[in-house]
Amino acid sequence: MRRQLYVGSYTSSLPHVSGQGVGVTTFEVTDDLAMRPTSEIAASDVSYLAWDEAASRLYAVEEVLTYYGRETGSICCFDVDRSTGRLRDLARRDSHGSGPCHIAVSRPHGFVAVANYYGGTVVAYDIEREPLGEPSQIMRHAGSGPNPDRQESPHPHAFVVHPSGDFAYVPDLGTDEIRAYRLSGSRSLTLGTEAASVTSAMPGSGPRQIAFTRDGTTALVVNELASTLSVYAVDGRDGALSHLTTASALPDGHRAPSTAAGLALHPREDLVYVSNRGHDSIAAFRLDGTRGPELIAHVPTEGRTPRHFALDPSGSYLCVANQDSGSLVLFAIAPDGTLEAVSRCATPTPAFVQWA
């Protein structure tokens, strides 16, 4: 197999975690499926990574609340040695909002974009002329939701470009909205300052992540606070989403505290996975166009707080980061979508997994 994994980790004490990690660690997945750390690079509270294959660069958010004395987080860019996976610092920037929690690369549009959880902002940065240029646009969300502890203000949690390249979607956990921003033509850095459409999620559900089928007609949204998976139809004219169905990511009757986190659509597009923090499981669903998601199984992640997980590009393996128990667990994916643990590795407070 011999693939590389990049694992971001929390490094300091934050309201939701006591970080013990180093920043970003490169792991080699060997032929016998062992995960072996090969190099690391220091960074602060790296909770999301984005791989730019065209430029052999890795972008990261540093989910800090202050940066050089200001109430903002930061983002950074690393050069990647493809042969070894070793990282080298290229650039860092103010994220123009505290607690950045998601970063995405849009090479056709020439920018990276970051969602700032506490800042309520979404910021695009030019990457046409340098690895991490100046911000080309800052979008500010407004509003709140019914949960006074988690929805007192906007909390953008992702930025995902639609397969058509015409829209970018931002789920906002704080306002229970999914905003679609219209993107201009190829190589343009201009995002619409006002959302082309705003879709309201179930009040108090807290939309966190979004994924699309390759044809762009269907969107999948994981709702953190409600621990649910929602399916939407996508309108290609204005990007609006029409709700089709919602399924719980937790077992029937589960009452203990738990929140949903990660979301991944299998390359075959007939399977989708959601992680549960608290129940500490991966919920595996079969997608059925007529009946919506059908639960296959809840698979224990063999650790606490599975904040993130990722499927390898072939769809053969799933690697989960158990944040609070400090472990990576590699699962083999069976043809029917069920998971079997095949490898384990200790690493401090992992927050994000990225396959090279």
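Observations, loosely collected:
- Summed side-chain charge close to V24 - residues other than V24 whose Cβ falls under 12 Å, Lys, Arg +1, Asp, Glu -1: -2
- Radius 15 Å from Cβ of T199, net charge of other residues (Lys, Arg +1; Asp, Glu -1): -2
- Whole-Hz ³J(HN,Hα) from phi, Karplus 6.51 cos²θ - 1.76 cosθ + 1.60, for segment 165-181, glycine and proline x: x, 8, 9, 10, 10, 10, x, 10, 5, x, 10, 6, 10, 10, 9, 10, 9
- Amide proton proximity set for E62, modelled H, under 5 Å, gap of 5+: S74, I75, C76
- Order of exposure, largest accessible area first, which applies to R92, R237, R182 with probe 1.4 Å: R237, R182, R92
- Between A211 and A34, the contour length at 0.36 nm per residue exceeds the alpha carbon distance by 60.8 nm.
- From the coordinates shown, Rg and Dmax of the Cα atoms in Å corresponds to which of (i) 18.7, 54; (ii) 19.4, 62; (iii) 23.3, 77: (i)
- Gain in span if fully extended, R182 to Q20, counting 0.36 nm per residue against the direct Cα distance: 54.4 nm
- When the chain is treated as a GNM with alpha-carbon contacts under 10 Å, the residue of A34, A334, A310 showing the greatest mean-square fluctuation is A334.
- In terms of packing, defined here as the mean over residues of other Cβ atoms within 10 angstrom, the peptides 18-24, 141-147, 70-76 line up highest first as 70-76, 18-24, 141-147.
- Per-residue HN-Hα couplings for segment 146-152 [Karplus 6.51, -1.76, 1.60; θ = phi - 60°; Hz; x = Gly/Pro]: x, 8, x, 7, 10, 10, 6
- Spherically averaged projected area of segment 123-234 from its Cα convex hull (nm²): 7.3 nm²
- The alpha carbon centroids of segment 244-297 and segment 335-349 are separated by 17 Å.
- Integer Hz, Karplus 6.51/-1.76/1.60 couplings in order for segment 135-144, x for Gly and Pro: x, 8, 6, 10, 10, 10, 8, 9, x, 7
The values are calculated or read from the model by the stated rules, or taken from the named source; none is laboratory data. Predicted model only: the values in this text are computed from it and were never measured. Glycine gets a Cβ as well: all are built from the backbone with ideal geometry, and neighbour counts include every protein chain shown. SASA here: full protein model, heavy atoms, side chains in, ligands and nucleic acids out. Shrake-Rupley method; radii C 1.70, N 1.55, O 1.52, S 1.80 Å.
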